[in-house]
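Engineer: Take a look at the following structure, please.
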Amino acid sequence: MSKQPETAAKPAAKPELYKVKLAKPHKHAGEDKTKGATIEVTAPERDFLIRAGVVETPETTEGATTAAE
């Protein structure tokens with residue numbers, strides 16, 4: 001009987017986070033945040049919050065910063 005090679009599980013890639021500025025009060029990660037506060041979210045979360053009018057519109061790609069920087 002042959003032994004199957006062991007494969008190491010790859011760690012899940014961390015999603016890229018984006019800093020967004022709140023356009024109105026919002027509860028984020030269980031904490032109440034005020035208008036103007038900056039929070040870090042993933043791209044899908046950012047898109048949802050923009051559509052819901054919770055955050056200001058995103059910066060252009062030039063000059064945009066991610067939380068990883």
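Values in this text are rule-based calculations from the coordinates and carry no lab data. Computed from a predicted structure; not experimentally measured. For neighbour counting, all protein chains shown are included, and Cβ atoms are generated from backbone atoms with ideal geometry for every residue, glycine included.
Engineer: Got a sec to turn the phi values of the range 39-56 into Karplus ³J(HN,Hα) couplings, 6.51 cos²θ - 1.76 cosθ + 1.60 with θ = phi - 60°, whole Hz, x for Gly and Pro?
Structural biologist: 10, 10, 9, 7, 4, x, 5, 4, 4, 4, 5, 5, 4, 7, x, 7, 10, 5
Engineer: If you don't mind, there's one more thing I want to ask. Tally Lys/Arg at +1 and Asp/Glu at -1 over every other residue whose Cβ is under 12 Å from the Cβ of residue 33; what's the total?
Structural biologist: Overall, the nearby charge balance is +1.
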